[in-house]
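Structure, as structure tokens:
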């Protein structure tokens with residue numbers, strides 16, 4: 001135990017017990033929530049560093065407080081590395097997380113009441129893509145395009161173009177939180193150009209897969225801006241980044257600070273800088289490709305075992321299992337049952353879900369965290385079979401107890417990075 005942990009254990013045993021409990025939970029179970037991952041020990045070190053103590057409003061060379069020589073170093077490292085990894089002309093690494101990241105992007109270019117064309121939430125879009133319960137949904141006019149569940153979740157670009165021509169959006173947004181397919185960025189760009197709109201891609205889920213050259217990069221298609229969180233598939237700290245063309249740099253920077261946020265969390269910026277260094281390595285590229293390979297294996301196994309996936313497969317790191325059609329229970333029940341056997345997933349709405357968001361018809365499953373522990377295709381096949389068998393035999397308590405032991409024994413062979 002290092003000195004800092006010893007102090008915490010001594011001075012707040014209740015808090016320390018919770019920390020140890022969470023470490024044990026992460027070690028002994030399989031994390032299959034697509035938006036979660038295991039970060040690097042170096043990231044944890046940066047997050048717990050003295051950069052936590054420093055206020056740094058402004059940007060390198062233009063700060064409001066003194067004593068910024070080292071904060072400027074780490075932010076410049078993060079910005080330069082972000083531009084290199086994502087082939088962008090400008091990067092802002094200060095957003096505190098995904099939601100304010102997207103808010104800053106909207107507020108940089110839109111006035112209240114302006115129109116954004118974005119993906120429907122039940123078809124895979126994010127809360128910040130225009131949900132009526134979000135502040136952004138109240139401030140701006142979001143028009144939503146949908147996928148075609150009967151056609152493997154593909155997007156009807158004829159319909160997207162029609163909506164764009166009818167509504168004249170200022171931003172055409174492609175991005176998702178539960179869409180298992182890739183995007184045709186070229187088609188979105190053509191439609192946006194036709195109506196004079198900016199192109200924006202929220203790649204928060206697949207940012208690491210783009211950085212690792214395993215999936216297409218919107219910036220290669222001439223997109224105006226791209227947002228991504230720095231955790232999830234990128235394996236960094238919880239934060240956000242905005243990548244954009246140089247012509248938009250001033251608007252983006254002013255929108256983040258002083259427009260929306262105060263001082264950035266410099267310990268997080270330091271951790272982002274390290275994350276982006278890792279993202280440029282061959283080892284990370286191999287990781288990104290393995291995430292996709294594992295996802296395809298897991299999806300295929302679920303379907304072989306009788307599972308119904310909303311898009312009939314996956315092109316990325318995630319899949320959405322329709323638990324109502326597959327095993328006759330809603331996603332909330334399925335999530336709880338799998339929790340009992342140390343397999344962590346999350347309940348998820350499906351396209352045009354008849355059930356409410358807190359009791360939806362599916363669960364969302366992803367492979368970034370399991371892949372970070374070193375799991376490969378054969379392990380995904382085992383997990384897929386366990387998931388379906390557990391859900392089908394959910395009333396068998398003896399089987400659930402046996403399955404939990406199997407999962408915990410299985411996890412002993414895969415150390416958790418950073419713990």
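The values are calculated or read from the model by the stated rules, or taken from the named source; none is laboratory data. All of these numbers come straight from a predicted model, not from anything done at the bench. Cβ coordinates were reconstructed from backbone atoms using ideal geometry, including for glycine residues, and neighbour counts include every protein chain displayed.
With respect to the conditions (1) in contact with a strand residue (DSSP E or B) (Cβ under 8 Å, 6 or more places away or on another chain); (2) surrounded by 15 or more Cβ atoms within 10 Å (Cβ to Cβ), residue 358 lacks only one, and its number is (2).
For (1) within 26 Å of residue 320 (Cβ to Cβ); (2) out of contact with any strand residue (DSSP E or B) (no Cβ under 6 Å at 6 or more places or on another chain); (3) at pLDDT 95 or above, each residue gets a yes or a no:
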residue	(1), (2), (3)
12	no, yes, yes
17	no, yes, yes
30	yes, no, yes
38	yes, yes, yes
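Of all residue pairs spaced 6 or more apart or on separate chains, those with beta-carbon atoms under 6 Å, a first member in the stretch 120-142 that is on the phi > 0 side of the Ramachandran plot and a second member that is surrounded by fewer than 22 Cβ atoms within 10 Å (Cβ to Cβ) are 130/137.
Once the stretch 303-320 is narrowed to residues that are touching a residue at least 60 places away in the same chain (Cβ under 8 Å) and touching a strand residue (DSSP E or B) at 6+ places or on another chain (Cβ under 6 Å), the residue that is nearest to residue 404 (Cα to Cα) is 307.
Residue count for the stretch 53-105 satisfying the condition of being over 21 Å from residue 208 (Cα atoms) and either free of Cβ contacts under 8 Å to residues at least 60 places away in the same chain or outside the structural domain of residue 140 (by TED's automatic domain parsing) (or both): 14.
Is it true that residue 93 is under 24 Å from residue 34 (Cβ atoms), in contact with a helix residue (DSSP H, G or I) (Cβ under 8 Å, 6 or more places away or on another chain) and surrounded by 22 or more Cβ atoms within 10 Å (Cβ to Cβ)? Criteria met by residue 93.
Selection over the stretch 27-46 of residues that are surrounded by fewer than 19 Cβ atoms within 10 Å (Cβ to Cβ) and part of a helix (DSSP H, G or I) gives a count of 6. Considering only residues in the stretch 312-331 that are buried (at least 23 other Cβ atoms within 10 Å of the Cβ) and not in a helix (DSSP H, G or I), the one that is farthest from the chain's Cα centre (by Cα) turns out to be 321. Taking residue 419, is it under 17 Å from residue 334 (Cα atoms), in contact with a helix residue (DSSP H, G or I) (Cβ under 8 Å, 6 or more places away or on another chain) and either in contact (Cβ under 8 Å) with a residue 24 or more places away in the chain or in a helix (DSSP H, G or I) (or both)? No. Within the option set 295, 342, being more than 23 Å from residue 395 (Cβ to Cβ) and in the same structural domain as residue 396 (by TED's automatic domain parsing) holds for one residue only, 295. Summed over the stretch 230-282, residues that are over 25 Å from residue 70 (Cβ atoms) and crowded, with 24+ Cβ neighbours inside 10 Å total 3.
None of 332, 347, 336 is free of Cβ contacts under 8 Å to residues at least 40 places away in the same chain, closer than 19 Å to residue 407 by Cβ and not assigned by TED's automatic domain parsing to the domain that holds residue 181 except 336. Scan 372, 334 and give me the residue that is buried (at least 20 other Cβ atoms within 10 Å of the Cβ) and within 22 Å of residue 418 (Cβ to Cβ). Result: 372 is the single residue among 372, 334 that is buried (at least 20 other Cβ atoms within 10 Å of the Cβ) and within 22 Å of residue 418 (Cβ to Cβ).
A quick yes/no check of all residues on (1) assigned to a loop (DSSP other than H, G, I, E, B); (2) surrounded by 18 or more Cβ atoms within 10 Å (Cβ to Cβ):
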position	(1), (2)
74	no, yes
80	no, no
111	yes, no
122	no, yes
128	no, yes
138	no, no
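Specify which of the listed residues (191, 210) is under 14 Å from the mean Cα position of the chain (by Cα), crowded, with 19+ Cβ neighbours inside 10 Å and assigned to a helix (DSSP H, G or I). Sole residue among the options that is under 14 Å from the mean Cα position of the chain (by Cα), crowded, with 19+ Cβ neighbours inside 10 Å and assigned to a helix (DSSP H, G or I): 210.
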